[in-house]
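Asker: Can you read through this structure? Questions will come right after.
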Amino acid sequence: MRPPWDVLLLGGPSGVGKSMIAFELSRRFDATLTAVDDLYVAVQRMTSPSEHPELHRWETEPEVIVALDDDGMLAHALANAEEVTQALEPVIAEHVGSSPPIVLEGDFLVPSLVTKDRYDDVENAGRVRGLFLLDDEDQLARNFADREGEPQLRRARASARYGEWLAAECERLGVPTVAARPWETVLERAIAAAS
């Protein structure tokens, strides 16, 4: 099925299940799938801590990151999202109007990236869409425990806080959100939101 978009941005907090849903969406819409985490790693490799300090803080100042409170963790996530947004704009511009369509999925996607009028010098014209997958803190902790062997409660809290920010931004900008639960129907609901 040809989607009504060239680029679909699938965002949400870490641990919510984006990768699995993105894979299924890319299959359903015969779209290429790219993990934004891969682009993040490439940008990190091509930059230095002096050029982009926030991208490198886990490596250069891990004790500072670990000591951040909830507000600090959210600010850190948003600073990284800003860096990723700058890197993604030319990628999105390259894919608007091209075939096949592409699904970009990752933690650092933000709703404002979906609603831009232009990406570099390429007009959006409705060819870029987005949806954000959301879940609550307790479920995120269970997801981390299932995936990584321990619940990582602090990470789940930071992820949930980022998810709350995403939900508010999606509501403000009119970008669709999809609840990750019940999991049995999330794919159908994501397809409907992306169609």
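The values are calculated or read from the model by the stated rules, or taken from the named source; none is laboratory data. Because the structure is predicted, anything quoted here is derived from the model rather than measured. Quick reminder, even Gly has a Cβ in these numbers, built from the backbone with ideal geometry, and neighbours come from all protein chains shown. Areas reflect the complete protein model, heavy atoms only, side chains present, ligands, DNA and RNA absent. Shrake-Rupley method; radii C 1.70, N 1.55, O 1.52, S 1.80 Å.
Asker: Heavy atoms only, probe 1.4 Å: what % of the accessible area of segment 72-195 goes to carbon and sulfur, would you let me know?
Answerer: 50 percent
Asker: Taking just the alpha-carbon atoms of segment 54-127, what radius of gyration and Dmax come out, in angstrom?
Answerer: Taking only Cα atoms of segment 54-127, I get Rg and Dmax of 15.3, 45 Å.
Asker: Right, something else. Taking every pair of Cα atoms in the chain, average 1/r, invert it to obtain the Kirkwood radius, and report Rg/Rh to two decimals.
Answerer: 0.96
Asker: Please state the relative contact order of the chain as a whole percent: Cα pairs under 8 Å, 6+ residues apart?
Answerer: Normalised by residue count, the contact order of the chain is 34 percent.
Asker: Less than 11 Å Cβ to Cβ from residue 53, Lys/Arg counted +1 and Asp/Glu -1: what total charge do the surrounding residues give?
Answerer: Net charge in that neighbourhood comes out at -4.
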